[in-house]
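The values are calculated or read from the model by the stated rules, or taken from the named source; none is laboratory data. Fair warning: this is a prediction, and the values are worked out from it, not measured in the lab. Every residue, glycine among them, receives a Cβ derived from its backbone with ideal geometry; neighbour counts consider all protein chains shown.
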C-alpha cells in the first residue's frame, strides 16, 4: 500500500472509531420529548422549561458587553460543577489565562477544573495579516483541535466564543460558511450541547448571519439604558421543539454569575394563613378587627410628607423584633444610622435589634441601579436572611427609575415572592391625596392612610384611618396619630357638631367639656344640698308638730284625769254630806 | 511523527547550517488529494527558489493533533514558515504560486 493509501486508511479507521463512540453514548432518555440540558444558570432553566436543547447548538447573540461570554462559560462551568458533565471551551477572543482571571471573581476556578481534566480550554488566534490564502482548504484543523479536547475530557458541553472572529480572519467566506455548516453538523453528530456566541448585527441577529446554521435555539441578550439607568435583558427568540417564555427578562450579573429574573409566581396559589401579627400600636390593632395585620399580607402605609409613615413602619418592625422575628428594612431615602437616631426620639430603640441581628437594613439610593437589579438584590437578601417582615420605605422613590407599569410589575414580583414565603411586607408611599400615584393599592391587602389636617386654631395635626383591610372587619373611625417621646399613640378625635377637632383644638374643646361637666356636677351638688336643707327643715317642722301633738295629748289626758278626780271628789263629798246628814 | 524532506544538495554535503536555511512546516490532516497537491507544489517551489537551503517538515494532524495548538492551525493544509523569522502562514493547497512566493516573502535569488 502506498503511503497515501496508508494514511487514508488510518483516517477512515479514525472516522469509523469516532462514529462508534457516538453510538456507544447512552440513549436511555427516550426520544418522545426533546431532551433538555439544564444550564445551572439561575432563572434560565425556568424560562426554557428545563434548559437548552441537548445535543444541539444554541446561539447566544447580543451587543458588546451584555454577557454572552459569561453565559457560555457559566454554562460549561456549572455543567461540570453541578451536573458532572465535562466541558470544552474554545475562545477566539481571549486566552485561557485571561478568561480564568476574569471569572475568578465569580468563584469559578478554571485552572483547577482544567487540572482535574473536567474542562479543556483552547484559544484560537486568527490573524488576518499573518495568513495568506493560496488555494483550496478546509478547517479540519479546527475540528481536530475541538476533537482532542472533547475526547480528552469526555465532554458533553461545548462553548465557542465567538466564532465570528473567523470571518474577520479568513478571507474566503464561501469556504468558511460551508465549513461552519459542517462544524455544527459535526457537533450535532458528536452529541454535545453547544453554546455559540455571536455579535449582534445591524439588521440581523448576528453580524454574519450565524443564525442560518444555528437555528435550534437562539437567545438574544440586550443592554438598555433608560433614564441613565442600565438594564440587562434576555429574550429567547427561538426554541425549536419546546415552549418557552417569550418575554424579555431582566438579567443580573453579580458575584454568583448570571441570573435571569422571571416573573416568579405561576399564579395566585400561595398558601394563606389566618394568623395575625400586631401592628405595634395597640389601638391600631383594635382598629383592625382587634388583632392586627394578617401574617403574610401586604400593607401599604401612605400619606403626605411628614405624617409619620416611617414611624408606623418602625413600630411594626419593633413589635416583630420583640417577638424574636427577623426584619429586613429596605430604605431608599435615609441612612440606617439616621433612621435609628430619628426613631429614638419616638422611643424606639432599633440598635438593640440590629445588634442581635434581628433587624437588618438595606439602604440604597433608588437611582443607583435599575429596577430589576433592585428586585434581584432584594430577592437575594430575603432568601439569605429569611426575615418574616420586610419593610420598603418608601416605594415612591422608584418612580425615578421606572414607569408606573414597570414599578407595579416589580412590586407585584416582590409581593408575590414575599407571599410565597409567608413574609409580611409593609410599603410606605408618599402621596398627595387619597390615591397612590402608582396604582399599587390594588396589590395591597391593607391600606393605612395618614393625613395632615389644618385646624382653625392654626395647627397641623396628623390623622390616621384604615382605608381598606381585606378579610377583616376594620374600624371606619378616624384617629389622631400622635408622636411623642413616649411612643406612638392613637387618640380619639373630637367629633361634635359636625366638625372634627384635633390637636390643641381638641384639647381646648376637651377642657371646655370638662369644665362644663364640672359645672354640671357642681350644680347638681348644690341642688342636692338645697333639697337636703329643705328636707331637714320639713323634718324639723314635723318634729315640732309631733311634740305639740304629744303635749296636747298629755294635756288631754291630764284634763280627763282632773275631770275624773273632780267627779270622784264630788261624789265623795256628796256621800260624805249624805252620811253627815244622816247622822243626826 | 513528521517527515522531513531536505533539499537534495544538502544531502550530499555535510550539514553546515547556512545563515539562510529555510525551515518550512506543512500541516495536513491525512494524505488527502489536497494535501498531496500541496506537498508537490511546495517541493517544486522549494527546488526552484530555495535549492540547497530548505527543510520541509510534514505534520499530520490526525496523527499528532496536539501540534495544531502551538502554531494556531485551523485551516488545512497550512504552510508555516518557521525560519527565517518572522513566522508566516499560508493556507490552501499552494496552487497559486505567486501568492505563495509573496506569502513566504521569497525574493528571487
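In table form, for the structure just shown:
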quantity: Residue that is nearest to the other protein chains (Cβ to nearest Cβ) [pool: residues in segment B:44-57 that are in contact (Cβ under 8 Å) with a residue 12 or more places away in the chain and not in a loop (DSSP other than H, G, I, E, B)]; calculated: B:45
quantity: Filter result for residue A:483 (touching a helix residue (DSSP H, G or I) at 6+ places or on another chain (Cβ under 9 Å), modelled with pLDDT under 90 and farther than 24 Å from residue A:276 by Cβ); calculated: yes
quantity: Condition check for residue A:107: surrounded by fewer than 20 Cβ atoms within 10 Å (Cβ to Cβ), closer than 25 Å to residue A:256 by Cα, away from chain B (no Cβ under 14 Å) and modelled with pLDDT under 90; calculated: yes
quantity: Residue within segment A:435-443 that is surrounded by fewer than 18 Cβ atoms within 10 Å (Cβ to Cβ), at pLDDT below 90 and assigned to a loop (DSSP other than H, G, I, E, B) present; calculated: yes
quantity: Single residue of A:333, A:325 found to be within 30 Å of residue A:223 (Cα to Cα), assigned by TED's automatic domain parsing to the domain that holds residue A:378 and surrounded by 15 or more Cβ atoms within 10 Å (Cβ to Cβ); calculated: A:333
quantity: All positions within segment A:36-58 that are crowded, with 24+ Cβ neighbours inside 10 Å and not in a loop (DSSP other than H, G, I, E, B); calculated: A:37, A:44, A:52, A:57, A:58
quantity: Filtered residues of segment A:233-249 (kept if touching a helix residue (DSSP H, G or I) at 6+ places or on another chain (Cβ under 8 Å) and within 20 Å of residue A:375 (Cα to Cα)); calculated: A:234, A:245, A:249
quantity: Candidates A:214, A:237, filtered to the one that is in contact with a strand residue (DSSP E or B) (Cβ under 6 Å, 6 or more places away or on another chain) and either in a helix (DSSP H, G or I) or at pLDDT below 85 (or both); calculated: A:214
quantity: Answer residue from segment B:1-27, given it is within 14 Å of chain A (Cβ to nearest Cβ) and at pLDDT 85 or above and is farthest from residue B:47 (Cα to Cα) among those; calculated: B:27
quantity: Test for residue A:522: is it farther than 30 Å from residue A:292 by Cβ, assigned to a helix (DSSP H, G or I) and in contact (Cβ under 8 Å) with a residue 12 or more places away in the chain; calculated: no
quantity: Failed item, numbered, when residue A:238 is tested on (1) surrounded by 22 or more Cβ atoms within 10 Å (Cβ to Cβ); (2) closer than 25 Å to residue A:36 by Cβ; calculated: (1)
quantity: From the options A:286, A:305, residue that is in contact with a strand residue (DSSP E or B) (Cβ under 8 Å, 6 or more places away or on another chain) and outside any strand (DSSP E or B); calculated: A:305
quantity: Residue list for segment A:115-145, restricted to those being more than 10 Å from every other protein chain (Cβ to nearest Cβ) and either touching a residue at least 40 places away in the same chain (Cβ under 8 Å) or in a loop (DSSP other than H, G, I, E, B) (or both); calculated: A:116, A:117, A:118, A:119, A:128
quantity: Subset of segment B:58-109 (residues that are assigned to a loop (DSSP other than H, G, I, E, B), at the interface with another protein chain (Cβ under 7 Å from one of its Cβ atoms) and over 19 Å from residue A:172 (Cβ atoms)); calculated: B:61, B:62, B:65, B:66
quantity: Residue check, residue B:36 at the interface with chain A (Cβ under 9 Å from one of its Cβ atoms), outside any loop (DSSP other than H, G, I, E, B), within 23 Å of residue A:127 (Cα to Cα) and out of contact with any strand residue (DSSP E or B) (no Cβ under 6 Å at 6 or more places or on another chain); calculated: no
quantity: Only listed residue being more than 22 Å from the chain's Cα centre (by Cα) and part of a strand (DSSP E or B), chosen from A:244, A:223; calculated: A:223
quantity: Among the candidates A:372, A:405, residue that is modelled with pLDDT under 80, over 20 Å from residue A:299 (Cβ atoms) and part of a helix (DSSP H, G or I); calculated: A:372
quantity: Checklist (1) outside any helix (DSSP H, G or I); (2) within 8 Å of another protein chain (Cβ to nearest Cβ); (3) farther than 19 Å from residue A:135 by Cα applied to residue B:30, failing item; calculated: (3)
quantity: Residue tally, condition surrounded by 17 or more Cβ atoms within 10 Å (Cβ to Cβ) and part of a helix (DSSP H, G or I), over segment A:179-195; calculated: 6
quantity: Residue among A:85, A:93 that is within 14 Å of chain B (Cβ to nearest Cβ), assigned to a loop (DSSP other than H, G, I, E, B) and either within 45 Å of the chain's Cα centre (by Cα) or within 25 Å of residue A:231 (Cα to Cα) (or both); calculated: A:93
quantity: Output for segment A:153-178, where each listed residue is touching a strand residue (DSSP E or B) at 6+ places or on another chain (Cβ under 7 Å) and either modelled with pLDDT of 90 or more or assigned to a strand (DSSP E or B) (or both); calculated: A:153, A:155, A:156, A:157, A:158, A:159, A:160, A:161
